[in-house]
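Here is the structure we will look at, set down as structure tokens.
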Amino acid sequence: MLYFSRWKVTAILGVIVLSLLVLVPNFLSAERLRDSWPGWLPGRQIVLGLDLQGGVYLLYEVDTADYKAKRLKTLENDIRNAMRQDPRIGYTGLGVTGETVQLRIRDADRVADAATRLQGLVNPLNQGLIGGTGVTEFQFEQQADGLLRMTFTDAGLGQRLATVVDQSIEVIRRRVDELGTTEPSIQRQGAERILVEAPGEKDPARLKNIIGQTAQLTFHLVDVNADIAEAQAGRIAPGSLLLESLDDANPRPYVVEEAPLLSGEDLVDAQASFASQTNEPVVSFRLSTGGSRKFASVTTENVGRPFAIVLDNKIISAPVIREPITGGQGQISGSFSVQSANDLAVLLRAGALPARLSVIEERTVGPGLGADSIAAGERASVIGAIAVALFMFAVYGLFGLFANIALIVNIVMIFAVLTLLQATLTLPGIAGIVLTLGMAVDSNVLIYERIREEQRLGRSPINAIDAGFQRAFGTILDANITTLIAAGVLFQLGSGPVKGFAVTLTVGIITTMFTAITFTRLLIAYWVRRRRPTVVPI
């Protein structure tokens, strides 16, 4: 057990040297790392969490009422289109009541045909397993007086909302990534909430604005014959909408056709740029193949007519179609600044949120508080390390010194592994490292006590040391495996801070096994070879 071949010694020392090289960039500023650190060496720095470097904490909740209202409005339009199919079915009273869309069929002989058409709109969300009936989004009801109703099912609504949260998380992730925020944490909390943590974010207001916008982009034809005053008085023609411009200083109302010509789903790219003639910031967009065909057809048929570019029910601009637009590309102008144009391009590229989000909790952690947390963590780590080192040296003498050297190597390896994995280091993570300091020498204590026992039984120094490492190995392995299982459970079931603690604890357990059993044994083996002791000084 005390013999190490040359390749084993090389491998052990190589791991330690590599850990030192990985750790060095953490002591360099970003400028020095970029300018003076060789590109072929590891150049990553450890990622600090929100509580260490400051940033933004936002807790959002999906506006379920907004989603249900929009979904029922869509269902209402689908029902209207279904009744207009050839042959048309006459109806009256089509509208939304609570979580139900209902209508009454005028001709009693056509109720069965209408019911057949509406049955196709119940929208099965999945197929049942092993003979199950599956889940439908809506439940269809038919009453004797020709009244037909479509109502949300509990299971269907729950599954839809779960999908909305998943889609919202992906949209938020794309938006935050576009802003270049370092290692954002975006995760579900409960059934309808989303937690966003953006460490290092310097502009919380901009981040909140980018995340919170639904960013539903649509294109509508403007009704030039509509009477704006009548529309503002509430007398608006069916199939039309009254919208205002996005210019808060000088809002202008427009009446537009309710059915959109195009939506944001038809966009494949959006970039901030500058208009060639005025040099003003604009957003250039590119349409998909299908969107290009639709846009070319609409602009060809409506030359000379204005069309409105609408973002979240606010008109950005309403240019006049001067000529057919057949290239599938265009520009959105609207008195943008450079940042607002860039932000709109980010929103369009990331896609629209499926439902509105409401901010439930908002916290901004300043860099000063993060620096205080780091200082407190450093003090705790240093005090803990010094206390452990003094105890080991006082109790075990020279062998305690070996354990302390292994402890230093263990700390180096922990931070090196966290740097390589780009795991986010949080304040609870630092607590996990401090806990690891005590656990790391615990393995050495088990080994040294076993060596003492073997020496008391009359074994020679070499045999006592060899037996101490061999017989303590099983106990050390069992203890660390049980701790590793606990850390795994914490990581799977815990929230962000608990996960940070679990990550550092897990890494610490793995590096402790290496330093306590392998590196410490190498140090002792080298000492035995050099000194040839007659008694183990322990």
Going through (1) surrounded by 11 or more Cβ atoms within 10 Å (Cβ to Cβ); (2) closer than 23 Å to Thr153 by Cα; (3) not small (Gly, Ala, Ser) one by one, Val56 fails only at (2)
Wholly inside segment 251-302, strands (runs of 3 or more DSSP E) that include 1 or more residues that are farther than 22 Å from Arg174 by Cα and more than 37 Å from the chain's Cα centre (by Cα) are 253-257
task = Please tell me if Gly49 is buried (at least 16 other Cβ atoms within 10 Å of the Cβ), at pLDDT below 85 and not basic (Lys, Arg).
result = yes
Within segment 221-243, does at least one residue satisfy the condition of being touching a residue at least 24 places away in the same chain (Cβ under 8 Å), of a type outside the set (Gly, Ala, Ser), in contact with a helix residue (DSSP H, G or I) (Cβ under 8 Å, 6 or more places away or on another chain) and crowded, with 18+ Cβ neighbours inside 10 Å?
yes
Inside segment 139-150, the number of residues satisfying the requirement of being under 18 Å from Tyr91 (Cα atoms), surrounded by 14 or more Cβ atoms within 10 Å (Cβ to Cβ) and not aromatic (Phe, Trp, Tyr) is 7
Log entry, pairs with first residue in segment 292-313 being farther than 11 Å from Leu221 by Cα, second being among the hydroxyl-bearing types (Ser, Thr, Tyr) and in a loop (DSSP other than H, G, I, E, B), beta carbons closer than 7 Å, six or more apart or on different chains, reads Ala296/Thr326; Asp312/Thr214
*asked:* Quick check on Ala389: is it without any contact (Cβ under 8 Å) to a residue 24 or more places away in the chain, over 24 Å from Leu18 (Cα atoms) and assigned to a helix (DSSP H, G or I)?
replied: yes
Of the candidates Ala487, Ala472, Ala516, Ala525, the one satisfying the condition of being in a helix (DSSP H, G or I) and either farther than 17 Å from Ala440 by Cβ or out of contact with any helix residue (DSSP H, G or I) (no Cβ under 6 Å at 6 or more places or on another chain) (or both) is Ala525
**Report entry** Test: residue in segment 173-191 that is in contact with a Phe, Trp or Tyr (Cβ under 8 Å, 6 or more places away or on another chain) and crowded, with 16+ Cβ neighbours inside 10 Å
**Finding:** no
The condition of being assigned by TED's automatic domain parsing to the domain that holds Ser263 and surrounded by 20 or more Cβ atoms within 10 Å (Cβ to Cβ) holds, among Gly291, Gly327, only for Gly291
Residue hits (segment 273-295; within 15 Å of Ala215 (Cβ to Cβ) and among the aliphatic types (A, V, I, L, M)) are Val283
State whether the residues of segment 82-97 include one that is part of a loop (DSSP other than H, G, I, E, B), under 30 Å from the mean Cα position of the chain (by Cα) and surrounded by 16 or more Cβ atoms within 10 Å (Cβ to Cβ).
no
Reported set for segment 211-250 where residues are assigned to a strand (DSSP E or B) and farther than 26 Å from Ser288 by Cα is Ser240, Leu241, Leu242, Leu243, Glu244, Ser245
- Task: Could you check, for segment 62-70, whether at least one of its residues is closer than 25 Å to Val176 by Cα, hydrophobic (A, V, I, L, M, F, W, C), buried (at least 17 other Cβ atoms within 10 Å of the Cβ) and touching a residue at least 24 places away in the same chain (Cβ under 8 Å)?
- Result: yes
Looking across segment 249-286 at residues that are of a type in the set (A, V, I, L, M, F, W, C) and touching a Phe, Trp or Tyr at 6+ places or on another chain (Cβ under 6 Å), the single one that is farthest from Thr218 (Cα to Cα) is Ala270
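The values are calculated or read from the model by the stated rules, or taken from the named source; none is laboratory data. Because the structure is predicted, anything quoted here is derived from the model rather than measured. Cβ coordinates were reconstructed from backbone atoms using ideal geometry, including for glycine residues, and neighbour counts include every protein chain displayed.
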